[in-house]
Amino acid sequence: MANGTDTFTVDDYVKGVLAGNRSMLARAITLIESAHPDHHALAQQVLIQLLPHSGKADRIGITGVPGVGKSTFIDAFGTNLTAAGHKVAVLAVDPSSTRSGGSILGDKTRMARLAADPNAYIRPSPTSGKLGGVARATREAMMLCEAAGFDIILVETVGAGQSETEVAGMVDFFLVLMLPTAGDELQGIKKGVLELADMAVVNKADIDEKQARRAVRDYKAAIHIITPPGADWIPPVLPCSGLKNDGLDVIRDKIADHKTMMVKNGRRDEKRRTQRIRWMWSLVEDQMLARLKSNASIRKQLPALEKSVADGDLTAGLAAEKILAAFWGRAD
């Protein structure tokens, strides 16, 4: 600690995270989640020092509609991984309380076995109302967990909005959990999710094996249609039961096969390079929008501009030009 206060230095955070100190890892993640300008500056100093120690973990995104059994699946899947000698971190992207901004799902209750596992770490990431359900700091939390020695990072999404697209853009492998009620599920799942999937898994297959087999067949047909000709990876569709821990070993093997293929042809490194660049521009867009909205001149004009656009008296394009002119200090 610095100067006997409740604050920590960059060196405190870096040494604590690299030592695998759970308390300091939690504090570091809280630091990067903070919206306070001073905390942001400190967080970036911590991250730049930890950057050389990150990037070595396998990053796996897991999504699915509510009720598909994500928590039960991750609890069993993660426990299997730790039993095989891995250190697993779960970043569970949660919806937030609109009043407190806090996480409301209670991840450690939902994943009881994994929460008690000394080789696992579960961290809820409140979204604070961000569109898409993915916390702004999820990527940076992933880096911190890697620096702390976790070699497999599981990122769970709420399965709503743009969360699937955002998580797919930050992981090496994207797994989509499906319900065995294929017909209803194909209609209800967000269009395009299967196009993001590196694997589709029909969970709860133990409830009705016949229905699960039919669902697997239907999803295979759907993936066959959307997979580009000549693709070097055709997303497999597998049945499993997270509750009974049945079929999860096959899923783990398929993920390993995908990693081998991606590393061999150089696509894994290229994918991560592309992800980092997209991340940079995403942060630029977020920060520019934040600065626009906090600009005094814009705040003064915004109510009238929004009303004019809503009433149809002003085009959205012209309103946007006025906002940018105000931001850059130009006259109308």
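With respect to the conditions (1) open to solvent by 80 Å² or more (accessible area, probe 1.4 Å); (2) over 16 Å from K254 (Cα atoms), D232 lacks only one, and its number is (2). When L25 is tested against (1) surrounded by fewer than 17 Cβ atoms within 10 Å (Cβ to Cβ); (2) in contact with a Cys (Cβ under 9 Å, 6 or more places away or on another chain), just one condition goes unmet, and that condition is (1). Test D218 against the criterion of being open to solvent by less than 50 Å² (accessible area, probe 1.4 Å), farther than 15 Å from F73 by Cβ and in contact with a Leu (Cβ under 8 Å, 6 or more places away or on another chain), and give yes or no. No: the conditions fail for D218. Just one of the numbered conditions (1) touching a Leu at 6+ places or on another chain (Cβ under 8 Å); (2) touching a residue at least 24 places away in the same chain (Cβ under 8 Å) is not true of K322: (2).
Tell me the helices (runs of 4 or more DSSP H) entirely within the range 1-79 that contain at least 1 residues that are touching a strand residue (DSSP E or B) at 6+ places or on another chain (Cβ under 7 Å) and among the charged types (D, E, K, R).
Working: elements: 10-18, 22-33, 37-50.
Per the criteria, 22-33.
Looking only at residues in the range 295-314 that are assigned to a helix (DSSP H, G or I) and open to solvent by 70 Å² or more (accessible area, probe 1.4 Å), the one that is farthest from Q44 (Cα to Cα) is D311. Name the residues in the range 253-279 that are open to solvent by 80 Å² or more (accessible area, probe 1.4 Å), among the aliphatic types (A, V, I, L, M) and either in contact with a Pro (Cβ under 8 Å, 6 or more places away or on another chain) or closer than 23 Å to P236 by Cβ (or both), would you? V263 - this is the single residue of the range 253-279 that is open to solvent by 80 Å² or more (accessible area, probe 1.4 Å), among the aliphatic types (A, V, I, L, M) and either in contact with a Pro (Cβ under 8 Å, 6 or more places away or on another chain) or closer than 23 Å to P236 by Cβ (or both). In the range 36-59, the residues that are farther than 12 Å from V14 by Cα reach residues that are among the charged types (D, E, K, R) and surrounded by fewer than 20 Cβ atoms within 10 Å (Cβ to Cβ) with C-beta atoms within less than 8 angstrom, at least six apart or across chains, in these pairs: G55/R272; K56/D151; A57/D151; D58/D151; D58/K259.
The values are calculated or read from the model by the stated rules, or taken from the named source; none is laboratory data. Small disclaimer: the values here were computed from a predicted structure and weren't measured. Cβ coordinates were reconstructed from backbone atoms using ideal geometry, including for glycine residues, and neighbour counts include every protein chain displayed. Calculation scope for accessible area: heavy atoms of the full protein, side chains included, ligands and nucleic acids excluded. Shrake-Rupley method; radii C 1.70, N 1.55, O 1.52, S 1.80 Å.
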